[in-house]
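Bear in mind these aren't lab numbers, they're just calculated from the coordinates by the rules spelled out. Because the structure is predicted, anything quoted here is derived from the model rather than measured. Cβ placement follows ideal geometry from the backbone for every residue including glycine, while neighbour counts extend to all protein chains displayed.
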Amino acid sequence: MSPARIAAVAVWSLAFSPRAFPQEALPEGNAYVRSAIGGARPQDTLINDYSYDLEESREHLDKDGIATSRETRRYEVYFVKTRPVKRLISRNGVPLGAAEQAEVDRRAEAQARAIAEGRTVSEQPGLRLATLLDSFDFKTVAREEREGRPTLVFDFEPRKEAAPKRRGDRAADAVTRILTGRLHIDEADLRVAKLEARNTPGQKASVATGVKVGSFELLMEYAAIDGKVWLPRKVVTLATGRAFLFKTFRIRSTTTYSNYRRFSVDTEEKPKG
C-alpha cells in the first residue's frame, strides 16, 4: 500500500495575527463541515479551466529520518468534468523517451475521452476529503486568520459508531479509523484550506496481508487560485510499520503542486470535444 499523501505547512495563529476577526459564535462542527465538504457547487466546474504541474516523491528513511533512497515522478495535470487526468513527463528528473511519452499521451487522451463521454466513474484509491464526513466527529475550536482570510478550525476524531466501509479501499479505511487531527476551513468560500492528522497513540492499522502501519502522519494544504477555484498546494505523508513480521519500513511521500495556469490559454493537451 502506498502511504496517503500529506503536506507539512505552517499555521497562522490568531494570537499572532495583526488583526482579529469579529468574535461571532462558533458554529456546530459536524453540520458546518458537512456543508463545506458535502455536495457540489456551481463554481466547482471552474476547475476544468485549470492545469498544473505535479511532482511526486517517495523516500525510504532510516531510523533517524534520513533518506536512503528517493524516487520522483513529474506530471502535467488537467481536468475533464472536474476529474483529474495525469500525464507523466519525467522520472527522477529525466524526461520520458519519445516512444514512452507517445504511449503515455495516448493513455491520457483515452482516459480524458472516457471521462468526457461518461464511460468511467472509478475513484482513485486513498484517503479522500469526502470520506471524513462518514468517519469522524468534528468540534469547532477556534476562528483564525490564514493568509489574510477568516478560517474556522475543527478538531476531529473517529466516530464512536463504525463508518461504512468503502468497497475496494481496505487500506484507506483501516488508516482512517485510527486518525485524529485538525481541519481548517475558509469561511468565505467554504473550502478546506488545511488538514493535519496522525494516528491515535498506540493504534495500528492492518493495510494489507502481513503489512501493519504503526505510525502515520498526514498534512494537506489547499490554496485559492485567482480567487476563483481551490486547488491542492502540497501533500505529505509519513508512514512507519512492519511488513511480514521481519521487514520494517519508514516511507515519506510528498506531492507538490505548482505552475497553476488557465488551461485553455496555456496548454493544448485538452482533448477537443
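Observations on the structure shown:
- Going by neighbour counts of Cβ atoms within 10 Å, the residues Asp64, Asp44, Asp49 line up, fewest first, as Asp64, Asp44, Asp49.
- As a proxy for reagent exposure, Leu61, Leu152 were ordered by neighbouring Cβ count within 10 angstrom, fewest first; the result is Leu61, Leu152.
- Distance in nm between pseudo-label sites at Leu26 and Phe246 (7 Å out along the Cβ direction from Cα): 5.0
- Using the Cβ-Cβ distance between Asp105 and Lys63 with R0 set to 51 Å, the FRET efficiency works out to roughly 0.75.
- Contour minus Cα-Cα distance for Asn92 and Arg119 (0.36 nm per residue): 6.4 nm
- Neighbour-count ranking [beta-carbon atoms within 10 angstrom, fewest first] of Thr240, Thr176, Thr200: Thr200, Thr240, Thr176
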